[in-house]
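Each remark here refers to the structure printed beneath this line.
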Amino acid sequence: MLPSKVLEQRLQTAVLAALPDADVSTVLVRPCQDARFGDYQTSALMSLAKARKMNPRQLATDVQAKLEVTDLCLKTDIAGAGFINFFLKPEVLQDALMGAIKGEHLFFAKAEKPKTVVIDFSSPNVAKPMHVGHIRSTILGDSLARAFRLLGHKVVTDNHIGDWGTQFGMLLLGWKTMLDKAALAQDPIAELERIYKLLSAECKEDGAKLEAAKLELVKLQAGDEGNLGIWREMIALSQHQFDTIYGRLGVRFDHTLGESFYNPRLKGVVEELKGKGIAQESEGAICVFSDGSVPPKEDPFLIQRDGEWNPNPCLIQKSDGAANYATTDLATLEYRLETWSPDEIIYVTDGRQQLHFKQVFTVFRRWRPEVTTRLEHVWFGAILGDDGKPFKTRSGDTVKLADLLDEAEERAFKTVSEKSPELSETERKEIARIIGIASVKYQDLLPNRQSDYVFSWDKMLALTGNTAPYLLYAYTRISSIFRKADEQGIKVAPGAKILLNAPDELAMAKQLMNFRFVLEGMTEECRPNYLCNYLYDLAGLYAKFFETCPVLKAEEPERSSRLLLCEVTAKVLKQGLEVLGIETTEKM
Ligand code: ARG
């Protein structure tokens, strides 16, 4: 077992000995920021003491007296207001590293209480191209799903595609009157987008056209077989194109239950909300209003205008009787609870949907107060162009995801060809594919997700700095050591151990041991940037080690020890990148 895990168990035992009634699930250790203060520390005793009006340092002293960790630690210290710091024995660190070599663990442990987590992400709209706005949802959501899975949680990924709504009136009319079949066969979403744009422009001018489009929508909603058939075809064509992109990104979903899947439930949701007095009629529509239970500032059903708080209701049925986005999300919630009984549901969308989710979650809590499932809107900022405005093509159109990935691969191919002309074209193409996709993903995962970031080809493809190519390059450097070792007939000596005599070796070993905390932090806060920064630091420590500690040229037992250290570092880099959805390459 990982030393930090064992320490947590021993600490919990000691706390229970001192405070038999304590909830020790929050009694955990974290790495010390400053190595001078030890390897791990716990701050949990301070909150336990506070809740009991005890002196925290006294509690720390009592717990320390009951702690049995002499097999693991050189010493423990009490510090500050009531921290306990732990100093690991070097051999414990070495054993943990050897455990990773033997494949017993990779510096993380599966969750003791696995959760069921539904992750709703990507969720593009039918008949519209996936654009850069969907890229962040797809990339962030996929990475979160990978992290939760790695930690042993049960993950259900669900692509909530937009396959229902008023746009289908115009799409149907367009399909019937202006469809270019050849263009549809070539690039279906582009053709669907073309007819949609044309018709919505025409409908603005021409009232009769608008009426005709509405009629098509009504027919669709009433279950007209002809219109349903066309609608299904539009979904299938779009799905096919989405799948091509998911294939390139290495993203997969357990379910793709689009908005239309919930249509049969919508009436029931509205009726229940009305019946329970949660929703009311207002000007022909059905809405949920503020219940005054929270201060106006925190109330999602109020909006401030000219210094006054005004109603900002959540619409669940329009005056024409149609349900909308919020109703669908409520029905979706109900379905997910029935089907998967999740502990947590995570929605990954851009920040503009914050109000929507606040309203939906609040309505849901009023509707189902007994449900304890954690609902989380994991929102993200925009991707900006150099001008600080939303990222667009030169001609001002929204950038399509497929074009973006093509360009990333092309640019990477140029660089790889310049740097490694000796590789075959097939090899260079494959490496460029990996680097190109990795760069787009990493640029997206690295910033704090709630910040906007400026899209930059030069920055994301750079070999230096906190970038995907830098991390991939670090990985290839380790791979090349093993290739060279092979060529020179060098093998790890049987029974060799990791020694950690040099400061740079020790620093790397400690960073490896922290992998667990980064993965746990990433899933707790839904922030893949924690992992990006961790891997960047690990690669930096590796670069330092590489400078100061010869590997193949060293004498035994150093040589074998360092080869082993390289091996575990490569394993963690590869695993970490995999959690980010990034493939590695042995050469570049
Ligand atoms: N289709 C929506 C959009 O493109 C995103 C859906 C997000 N998920 C949800 N359950 N509302 O904006």
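The values are calculated or read from the model by the stated rules, or taken from the named source; none is laboratory data. What you see is a predicted model; the values in this text were computed from it and never measured. Don't worry about glycine lacking a Cβ; one is built from the backbone with ideal geometry, like all the others, and counts go over all protein chains shown.
Within the stretch 148-169, restricting attention to residues that are in a helix (DSSP H, G or I) and touching a strand residue (DSSP E or B) at 6+ places or on another chain (Cβ under 9 Å), the residue that is farthest from the ligand (Cβ to nearest atom) is R149.
Counted as qualifying within the stretch 26-97 are the strands (runs of 3 or more DSSP E) with 2 or more residues that are of a type in the set (S, T, N, Q), namely 40-42. The single residue among T70, T76, T42 that is at pLDDT 95 or above and either under 33 Å from the mean Cα position of the chain (by Cα) or within 16 Å of the ligand (Cβ to nearest atom) (or both) turns out to be T42. Here T467 meets the list (1) over 22 Å from the mean Cα position of the chain (by Cα); (2) farther than 30 Å from T116 by Cβ almost entirely, failing just condition (1). The residues on offer are L171, L220, L192, and the sole one that is over 30 Å from S451 (Cβ atoms), free of Cβ contacts under 8 Å to residues at least 60 places away in the same chain and out of contact with any Lys or Arg (no Cβ under 7 Å at 6 or more places or on another chain) is L220. For the stretch 359-387, a tally of residues being outside any loop (DSSP other than H, G, I, E, B), closer than 25 Å to L445 by Cβ and within 16 Å of the ligand (Cβ to nearest atom) returns 8.
Each row is one residue, and each column tells you yes or no for (1) under 13 Å from the mean Cα position of the chain (by Cα); (2) within 16 Å of the ligand (Cβ to nearest atom); (3) surrounded by fewer than 16 Cβ atoms within 10 Å (Cβ to Cβ); (4) among the aromatic types (F, W, Y).
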site	(1), (2), (3), (4)
L88	no, no, no, no
Q94	no, no, no, no
K102	no, no, yes, no
P114	no, no, yes, no
D120	yes, yes, no, no
S137	yes, yes, no, no
S143	yes, no, no, no
R146	yes, no, no, no
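Please go through the stretch 365-398 and give me each residue that is in contact with a Pro (Cβ under 6 Å, 6 or more places away or on another chain) and more than 28 Å from N448 (Cβ to Cβ), ordered by number. Listed by number, the list is empty, since nothing qualifies. Of all residues in the stretch 103-124, those satisfying the criterion of being free of Cβ contacts under 8 Å to residues at least 40 places away in the same chain and farther than 20 Å from L72 by Cα are G103, E112, K113. A search for C-beta distances below 7 Å between a residue of the stretch 472-498 that is touching a residue at least 12 places away in the same chain (Cβ under 8 Å) and any residue that is acidic (D, E), counting only pairs 6+ apart in sequence or on different chains, returns T476/E586; S479/E586; A493/E556.
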